[in-house]
Amino acid sequence: PELTAKYVRRASIGMERLVSVVKDLDTITKLENGRNVPVKEPFDIVALTENIIGMVDMEAFERGVTVSLDKDYNEPVMVYADEMRIEQVLTNLVTNSVRYSKEKGGYVKIRFYQAGDKIVTEVADNGIGIAPSDLPRIFERFYRVDKSRSRDNGGSGLGLSIVKHIIESHGEKIEVESKLHSGSKFRFTLPKA
């Protein structure tokens, strides 16, 4: 019975990963074909981010990583975008930052600032960073910077590609700044509401 339970657990984990990959493939195909047009409405990106921090808090705690906003935001930071899609973007960026941050003493900081009529969202960590040779390819489908850890982290290799497509479907841009062994910063813009 113990051996059977072990194989059932492994099969269940495998099925969850397969379902995740199929969902990611469906999402990216729709985004690439323009069939997933964003439904834009004003929303508070700080409140959304606080919810995401709450969702990743347990995994971050287990890894010894602190996830926080760079300061207290006493007023809402309103953007005009598809809230559900931006939630996908932020969840992906924050989760990646937690998983690739330093274990014990790692941090992920999220900040917002205004640049003209845009709100810039920045997700920064002090993790493993990205080599200069990998930076041009990180938004490609299935491209993995750290191939040795990818199976342990359970990702599909589509997350950053989906992030890029979602931001571009809003007519906006995403960029990354990183240094090997010194962490990464991902920034994207959205219209201010």
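Summary table below
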| item | result |
| --- | --- |
| 19 Å cut-off, amide nitrogen to a point 7 angstrom out along Glu41 Cα→Cβ, residues in the range 60-87 | 76-87 |
| Principal axis box of the chain, alpha-carbon based, largest edge first, Å | 61, 41, 35 |
| Given charges at Cβ of Lys, Arg, Asp, Glu: the range 1-144 dipole, positive-most of Ile130, Thr95, Gly34 | Ile130 |
| Amide hydrogen neighbours beyond the local backbone of Ile138, cut-off 5 Å, H modeled | none |
| Per-residue ³J(HN,Hα) for the range 115-124, Karplus 6.51 cos²θ - 1.76 cosθ + 1.60, θ = phi - 60°, Hz, x for Gly and Pro | 9, x, 9, 10, 10, 9, 10, 10, 10, 10 |
| Backbone HN-Hα couplings from phi across the range 59-72 [Karplus 6.51/-1.76/1.60, Hz, Gly and Pro as x] | 4, 4, 4, 4, 8, x, 10, 9, 10, 7, 7, 5, 6, 7 |
| Gain upon complete extension [Glu2, Leu18; 0.36 nm per residue less C-alpha separation] | 3.3 nm |
| Spatially proximal lysines relative to Lys102 (Cα-Cα < 21 Å; intrachain offsets below 8 disregarded) | Lys147, Lys179, Lys185 |
| Within the accessible area of the range 26-167 (1.4 Å probe), percent carbon and sulfur | 49 percent |
| When each of Lys118/Lys164; Lys23/Lys109; Lys164/Lys192 is checked by Cα-Cα distance, pairs over 26 Å | Lys23/Lys109 |
| For the chain, built as a Gaussian network whose Cα springs stay under 10 Å, the top-fluctuating residue of Ala81, Ala131, Ala11 | Ala11 |
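The values are calculated or read from the model by the stated rules, or taken from the named source; none is laboratory data. Keep in mind the model is a prediction, meaning the values are calculated, not measured. We place every Cβ from the backbone using ideal geometry, glycine too, and count neighbours over all the protein chains shown. For the accessible areas, the whole protein counts, side chains as well, though only heavy atoms, and no ligand, DNA or RNA atoms are used. Shrake-Rupley method; radii C 1.70, N 1.55, O 1.52, S 1.80 Å.
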